[in-house]
1. Of Ser34, Thr15, Leu59, which is farthest on the positive side of the dipole of the chain, counting Cα position, with +1 on Lys and Arg Cβ, -1 on Asp and Glu Cβ, and the Cα centre as origin?
2. At 1.4 Å probe size, with the rest of the protein present, what percent of the exposed accessible area of the chain is carbon and sulfur atoms?
3. Run the quick spin-label model on Gln56 and Glu5: label points 7 Å from Cα toward the beta carbon, then report their separation in nm to one decimal.
4. Given C-alpha coordinates of the chain, what is the ratio Rg to Rh with the Kirkwood estimate of Rh?
5. How tilted is helix 35-55 with respect to the longest principal axis of the chain? Cα atoms for both, answer in degrees (0 to 90, nearest 10).
6. Tally Lys and Arg at +1 and Asp and Glu at -1 over the other residues with C-beta under 13 Å from the C-beta of Ser33: what net charge comes out?
7. About the Cα centre, and with charges only on the beta carbon of Lys, Arg (+1) and Asp, Glu (-1), how big is the dipole of the range 12-71? Nearest 20 debye, please.
8. Over the chain, give the accessible area per residue in Å² for a 1.4 Å probe, as an integer.
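The values are calculated or read from the model by the stated rules, or taken from the named source; none is laboratory data. Bear in mind that the values here come from a model prediction, so they are computed numbers and not experimental data. Cβ placement follows ideal geometry from the backbone for every residue including glycine, while neighbour counts extend to all protein chains displayed. We work out accessible area using only protein heavy atoms, side chains counted, and drop any ligands, DNA or RNA first. Shrake-Rupley method; radii C 1.70, N 1.55, O 1.52, S 1.80 Å.
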Amino acid sequence: MQELEYLTDSTGTPTAVVIPIALWRQLLPQEDSSPSAISEALEDYCLNRAIDAGKQTPLLTRAEALAYLEE
């Protein structure tokens, strides 16, 4: 995975993120770089990553899931 770079101001507060070109092209393979297209592409990318992570997580039984929700 390619690393994101975080830019900070003089106090160390993050102000921007630098996205590697290869990842940018994955997120936006089309030419449309409007704010709405970027937002939609980022949302799709994040949801796909979450789904992939979920597939690698063991399933809980009903009792285990209820116990987890009670915590």
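1. Result: Leu59.
2. 57 percent
3. Taking the two extended label points, one gets 2.6 nm.
4. Values: Rg = 17.8 Å, Rh = 15.4 Å.
Here Rg/Rh amounts to 1.15.
5. With rounding to tens, the tilt is 30 degrees.
6. -2
7. 200 debye
8. Accessible area per residue: 88 Å².
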